[in-house]
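The values are calculated or read from the model by the stated rules, or taken from the named source; none is laboratory data. Quick caveat: nothing in here was measured; it's all calculated off a predicted structure. Accessible surface areas use protein heavy atoms only, side chains included; no ligands, DNA or RNA. Shrake-Rupley method; radii C 1.70, N 1.55, O 1.52, S 1.80 Å.
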Amino acid sequence: MKSTIPLLLFPALLAPILSAQIVEDDFNDGNDAGWERYSPLDNLGSPLAFTFPGGNRYRVQAPASINPALAGPARGGAHRADVVYEAFRVEVDLVDWDNGIAQDIGLVGSLREVGLATTSGYALSYDTGGEALFLSILNAEQATSLNSVPITLIPGEGYRLVLQGF
């Protein structure tokens, strides 16, 4: 008895195998080569500071927004514009922040249209004022919370945030 493969399976068998794009950076080299810095309020007088304390950490600091009514809160970070993905896993360690400053700190993934009033994707953030973790969807920089968990993170302790999506 001959075995046959139905014709409908041929396109799947001939399709190219997609390889995963993996980007890993611990910033131990003291630079952010390959990363695109996102500092949307530079032209309004609220530029971000990108530094490498101890040569092995990446710190992004934002001054207060010079005009919150016009431009919204201070914000920014760094992303890999050269990596396009649907399934993703992003990790970041939070250390040495100031709970006395009302701010949301965290990470974003599956970014699209990165820019002032255009950034879309997903965010996992800690709100120092509300003392909670938020999972949100971003659309044109506007966050819609999908879920939140009340928690108090203690400055000086280390925490790892992990955002994964498919």
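One table, with the values for the structure above:
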read-out	value
Heavy atoms of Tyr58 accessible to a 1.4 Å probe, total area in Å² rounded to 10	60
Computed [θ] at 222 nm, helices only, for the chain once each DSSP H run of length n ≥ 4 contributes -39500 (n - 2.57)	-1000 deg cm²/dmol
Structure-derived volume of the Cα convex hull per residue in Å³ - corresponding label in (1) 134; (2) 183; (3) 114	(2)
